[in-house]
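First up is the structure itself, then whatever we jot down about it.
Quick note: the coordinates plus some simple rules give every number you see, no bench work behind them. Quantities reported herein were computed from a predicted structural model and do not represent experimental measurements. Reconstructed Cβ throughout: ideal geometry from the backbone, glycine too, with neighbour counts over all protein chains shown.
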Amino acid sequence: MNEFILYNTDDGKAEIKIILDNNSHTIWLSQKQMAELFDVSVKTVNEHIINIYKELELEEGSTIRNFRIVQREGSREVEREISHYNLKLILSVGYRISSSRGTQFRKWATSTLEEYLVKGFVMNDERLKDPQGWDYFDELLERIRDIRASEKRFYQKVKDLFSQTSVDYDSKSDLAKKFFQTIQNKLLYAETGMTAAELIFSRADGDKPNMGLTSWKGDRVRKGDIETSKNYLVKDEISNLNRLVTMFLDYAEDKAARKQQIKMEEWIEQTDKFLAFNERAVLTGAGSVSHDRMTKYVDKEYERFAENRKILESKIAEDEFSKEVEVLIKKKK
């Protein structure tokens with residue numbers, strides 16, 4: 001699925017929906033979109049493209065690509081293969097068109113767009129420092145916390161930090177994996193009063209909508225989503241846990257920056273002290289539900305949930321078919 005970014009011209013007269021290609025770090029526009037962007041005719045854009053290829057300024061094969069686009073033609077929507085051109089060619093056309101629109105786009109492409117393609121985000125530092133009207137800084141912080149506390153990123157960050165601060169850390173050992181799970185469980189327990197296994201065991205239910213999950217990847221719950229404890233948390237729990245994880249990572253980073261070397265076992269004690277200092281519940285032991293027990297339980301619940309979903313989808317399809325038949329009968333009458 002393509003990703004898009006909206007570009008608005010400074011005069012406010014045009015809004016261009018640009019296809020964003022993170023894999024090759026470029027964007028794609030059709031001739032029609034370029035004409036709207038530079039405020040010229042499609043014929044003018046086409047003539048410039050022909051000359052660019054004719055003069056061998058750019059190679060056609062590497063700058064053109066077809067995308068299947070849905071567009072309105074008259075009273076109906078039609079899906080067609082439309083030729084699009086990458087950023088290099090767009091800029092070449094822009095240089096050949098002497099207009100303020102072209103200058104504005106080049107400035108945007110060489111600053112804002114380049115930063116977005118490389119980093120995946122763009123920040124308006126001055127606006128965040130001096131908000132006018134709505135202040136979105138708190139929302140930005142919340143989203144950063146959520147990203148930072150995601151399971152993969154948290155694991156990677158903890159692994160990096162503890163490899164710097166723990167004298168006996170070995171990323172390939174079973175002890176290291178168990179160590180990460182212990183830290184993760186302690187933080188989750190501090191917020192919910194349950195370990196990851198206990199949380200999933202208590203909230204996974206094949207009869208509930210979405211099996212009790214509150215978040216998941218894609219457009220529907222799949223088996224790969226059901227063993228992630230964070231997927232079962234409600235909004236306030238997620239917000240509080242994200243804040244706690246961020247505090248903990250800052251605490252660990254501070255130790256790393258001061259080059260304090262301790263053993264992994266001592267890190268467990270430090271985590272307990274961190275939680276106790278912040279007046280959070282401290283987990284002792286491994287919890288009442290083992291990982292294996294949780295896995296077996298959640299797999300059975302998913303089977304029941306998948307069967308219930310299949311029955312429901314079949315019923316919805318039958319109802320829709322019945323309605324279509326009724327419409328056809330009425331039209332025939």
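How large is ³J(HN,Hα) for each residue in the range 39-49, as worked out from phi by the Karplus curve 6.51 cos²θ - 1.76 cosθ + 1.60 (θ = phi - 60°), to whole Hz, x for Gly and Pro?
6, 9, 7, 4, 4, 5, 4, 4, 5, 5, 5
Label the range 205-333 by shape, choosing from rounded, prolate and oblate, from the square roots a ≥ b ≥ c of the eigenvalues of the Cα gyration tensor; if a/c is under 1.5 it is rounded, and otherwise prolate applies when a/b is larger than b/c, oblate when it is not. Before the final figure, lay out each step's value.
On the way: a/c = 4.27, a/b = 2.76, b/c = 1.55.
Verdict is prolate for the range 205-333.
Please list, in order along the range 50-64, the HN-Hα scalar couplings obtained from phi with the Karplus expression 6.51 cos²θ - 1.76 cosθ + 1.60 (θ = phi - 60°), rounded to whole Hz, x for Gly and Pro.
Coupling constants for the range 50-64: 4, 5, 4, 6, 5, 7, 6, 5, 9, 8, 5, x, 8, 10, 10 Hz.
Mind listing the long-range amide H neighbours of L233? Cut-off is under 5 Å, sequence gap 5 or more, other chains count too, H placed in the peptide plane at 1.01 Å from N.
Hits under the 5 Å cutoff: T214.
Can you check what the Kirkwood hydrodynamic radius comes to for the range 177-272, Cα pairs only, in Å to one decimal? The partial results should precede the final answer.
Numbers: mean 1/r = 0.0672 Å⁻¹.
For the range 177-272, inverting the mean 1/r across all distinct Cα pairs yields 14.9 Å.
Quick one: in the range 3-122, what % of C-alpha pairs are over 16 Å apart?
Details: 4405 of 7140 pairs.
Roughly 62 percent, rounded to a whole number.
Tell me, what ³J(HN,Hα) does each residue in the range 272-288 have, in order and in whole Hz, if you take phi through Karplus 6.51 cos²θ - 1.76 cosθ + 1.60 with θ = phi - 60° and put x for Gly and Pro?
4, 5, 4, 5, 5, 4, 8, 6, 10, 5, 10, 6, 10, x, 9, x, 8
Based on other C-beta atoms within 10 Å, arrange I200, I27 from fewest to most.
So the residues, fewest neighbours to most, are I27, I200.
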